[in-house]
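A short reminder: the numbers here are calculations on the coordinates, not readings from a lab. Please read all numbers here as calculations on a predicted model, not as lab measurements. Here the Cβ positions follow ideal geometry from the backbone for every residue, glycine too, while neighbour counts run over all protein chains shown.
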Amino acid sequence: MSEPVIRAVNITKKYDDFVAVNGISFEVARGESFGLLGPNGAGKSTTMKMIAAVSTRTSGDLTVLGLDPNTDGPAIRSQLGVVPQEDNLDQELRVRENLTTYGRFFGMSHAEVGKRADELLEFAQLSDRAKAKVEPLSGGMKRRLTIARSLMNDPQMLLLDEPTTGLDPQARHILWDRLFRLKENGTTLVLTTHYMDEAEQLSDRIIVVDKGEIMAEGSPAHLIRTYSTREVLEVRYGSDKNASVAKKIADVGERQEILPDRILIYSADGERDLAEITSRGHHPTTSLVRRSSLEDVFLRLTGRSLVE
Amino acid sequence: MTSAADIAAKAEKPRRWGWWYSTELRLREMKGYLSYVVTSSFGNPIIYLLALGVGLSNLVPQGIDGVPFLVFVAPAILMSTILSVGAEEGMYPVLSGFKWHKVFFAIHATPITPGQIVAGFFVHLAIRFAFTAGIFYIAILAFGAVPLGTGWLMIPIAILGAFAIMTPLAAYSAQLEDDRGQFALIQRMVVMPMFLFSGTFFPISEIPDWLEWVAWVSPLWHASQLGRVVSYGMVEPIWLTILHLVVLVSFAAVGALLTRRAFITRLTR
């Protein structure tokens, strides 16, 4: 097996007394698509910044592309594409100029950056906006432009911090499609997200992070198999009755989570359990049988939901 | 897999030229507000010179320091204009690069180092100051307010003076999390008094003794006095001329080092 592109051993980041990342370890292989899933404030972005060789780690060992970010930051950054959580496009420049000036930072010639910018505008479906100002672009377009910018240096690895947060569903799907193409072409992707569907769509392997620590690791399917059941039955009796009904049906399914607005029943066969509950005379106002998701895994691991 | 040596080789060009790439970005951004820079560069001197040269100088027919009032005041007006541009550039543009537009973070995601970001910021400002000072110089030359051939030295002195005020402010701004009126306060309590008590319109000997210290710690006074020496040969002890230079260089250099340190701290935390 070839050398991993990222190897993190017990890395820690402290800000005064606050521990943002508390000794996490993982490896990412070349060409892999790797996700960090966790709620806001879990330490995902801080981890990303350490990998991106911009934030100095407090302790632990970290190599990125075989180099130490604390000492070889510029060399590592020359090989990375970075899409930060908040857009930091240059508002003083036009769309295409944002790409060309960025390419220059990697030592590319004026001719090279022009050619590459045109290719990437095409890829990001922004060719018709080349001369437009940045500010009036939609959120999805800004995001695509940021991704195009991160690809200017033809990076070995792309780091995406919450790539679709704040976008509408259609814009998210366009973006996922673009990222999926990159993945198919062999680009190593590392992304953070607090959306379980995004993690499922884009990652081969995930670590679930909470409060600066790794809670679980594996492929989305593996995590669901390990930490949840095949199906989930959701039943609602009204917020004042959920808890009392839950006591009476506690033996149904393998496990239950009682949320303020609904009861989740983890089960191999949701329809069968729904029939069981109704046969006992507890008719829910609404019910739903669905497949288990990473949201359920997270709930199981931490007792909290991802998006609060 | 690309070896570590290959990667290092690829980063060689940005390592050497990063400061220039960073300058280039700033100059390109300036294109967006070039009309402001050009208009204010031409407009400022003309307004000042008309008001002071034609207006105020009539009240001081005997002149000051053995020269016509306009000759006395011209170097100081040039300095105060360029230094106020310096003060402006050391505040909002720096905080904005971290807080609102986050341009510094965007650049730092590339092989460019924090030190190179600062270098590019400074080089582009040197160009901006030189442009504005050059136009101002030509204007006062046209008004016949520069008797000596060494008068052009006011341009580099103005750039130095602007750095002496800009770099300490940039170091301060780079540490700010937010502008809660600090900039307005600096403008009113530091920049404004400096402009009023730096011997711009009258020699500092006219200021009450207990206020004279303001001039001695003001980069503007030192820059204006230097300007007068090269513009019309103002007589002062040589040690004082050297002191002016030492003060300006010290402000600029210490400010630049602190700015670099503040950028490194903020970008790598």
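Evaluating kT/(6 pi eta Rh) at 20 °C and 1.002 mPa s, with the Kirkwood radius of region A:1-119 over Cα pairs in the Stokes-Einstein relation, gives 133 µm² s⁻¹.
Panel note: the C-alpha atoms of region A:229-291, placed on their principal axes, show extents of 29, 22, 19 Å (largest first). When only alpha carbons of region A:6-219 are considered, Rg and Dmax amount to 16.9, 49 Å.
Sorted from greatest to least, the principal axis extents spanned by the alpha carbons of the protein assembly as shown come out as 110, 56, 46 Å. Helix B:114-142: angle to the longest alpha-carbon principal axis of chain B, degrees 0 to 90, nearest 10? On a 0 to 90 degree scale, this one is about 30. Taking the Cα centre of the protein assembly as shown as reference, the dipole from Cβ charges on Lys and Arg (+1) and Asp and Glu (-1) amounts to some 500 debye. Considering only the Cα atoms of region B:1-84, their convex hull presents on average a projected area of 9.2 nm². Amide H to amide H distances under 5 Å link A:THR188 with A:GLY31, A:LEU158, where only residues 5 or more positions off or on other chains count and H is placed in the peptide plane.
The amide H of A:ARG94, built 1.01 Å from its N in the peptide plane, has no neighbour under 5 Å, considering only residues 5 or more places off or on other chains.
Modelled label positions at B:PHE42 and A:SER219, each set 7 Å beyond Cα in the direction of Cβ, lie 6.9 nm from each other. Note on region B:67-141 and region B:252-269: Cα centroid distance 17 Å, given to the nearest whole angstrom. Seen against the Cα atoms of chain B and their longest principal axis, helix B:12-30 is set at about 50 degrees.
Nearest 5 percent is fine: what portion of the DSSP beta bridges confined to the protein assembly as shown is antiparallel? Percent antiparallel among DSSP bridges in the protein assembly as shown is about 65. Only Cα pairs under 8 Å and at least 6 apart count here; give the relative contact order of region A:177-280 as a rounded whole percent. Value for region A:177-280: 19 percent.
Rounded to the nearest 10 degrees, the inclination of helix B:219-232 to the longest alpha-carbon principal axis of chain B is 60 degrees.
Its Cα gyration tensor gives region B:118-269 an equivalent ellipsoid; the semi-axes, largest first and in whole Å, are 29, 19, 14. Estimated from the Cβ-Cβ distance and a Förster radius of 41 angstrom, the FRET efficiency linking A:GLU27 and A:LYS131 is about 0.40.
A:ALA268 to A:SER244: FRET efficiency via 1/(1 + (r/R0)^6), r the Cβ-Cβ distance, R0 25 Å, to the nearest 0.05? So, using R0 = 25 Å, E works out to roughly 0.45. Here A:LYS14 is the anchor, and the lysines within straight C-alpha reach of less than 27 Å, apart from those fewer than 8 places off in the same chain, are A:LYS44, A:LYS49, A:LYS211, B:LYS99, B:LYS102.
A Cβ-based charge dipole, computed about the Cα centre of chain A with Lys and Arg at +1 and Asp and Glu at -1, lands at about 260 debye. For A:LYS131, the lysines whose Cα falls under 21 Å of its own Cα, not counting residues fewer than eight places away in the same chain, are A:LYS115, A:LYS142, B:LYS31.
Computed from backbone phi, the HN-Hα couplings of region A:238-254 come to x, 4, 7, 9, 3, 5, 6, 5, 3, 4, 7, 10, 4, 8, 7, x, 7 Hz, rounded to whole numbers (Karplus: 6.51 cos²θ - 1.76 cosθ + 1.60, θ = phi - 60°; Gly and Pro given as x). For region A:121-278, a Kirkwood radius taken over Cα pairs fed into Stokes-Einstein (4 °C, viscosity 1.567 mPa s) yields D = 69 µm²/s.
With the simple spin-label model, which puts each label point 7 Å out from Cα in the Cβ direction, the A:ASP251 to B:TRP213 separation comes to 8.8 nm. Annotation for region A:70-113 versus region A:235-308: alpha-carbon center distance of 48 Å.
Each Lys and Arg adds +1 at its Cβ and each Asp and Glu adds -1 at its Cβ; summed about the Cα centre, region A:68-129 shows a dipole of about 180 debye.
Taking all C-alpha pairs of chain B, those more than 31 Å from each other amount to 31 percent.
Between beta-carbons, use under 13 Å as the cut-off and find the net charge around A:LEU189, counting Lys and Arg +1, Asp and Glu -1. Its environment carries a net charge of 0.
When A:HIS282, A:HIS110, B:HIS244, B:HIS124 are arranged by Cβ crowding within 10 Å, least crowded first, meaning fewest neighbours, the order is A:HIS110, A:HIS282, B:HIS124, B:HIS244. Selection among B:LEU245, B:THR200, B:ALA262 by position relative to the dipole of region B:167-269 gives B:ALA262 as farthest towards the positive end (Cβ unit charges, Cα centre). Once R0 is set to 41 Å, what does the formula 1/(1 + (r/R0)^6) return for the Cβ-Cβ distance between A:ARG290 and A:ARG181, expressed as a FRET efficiency to the nearest 0.05? Given R0 = 41 Å and the Cβ-Cβ separation, E is 0.90.
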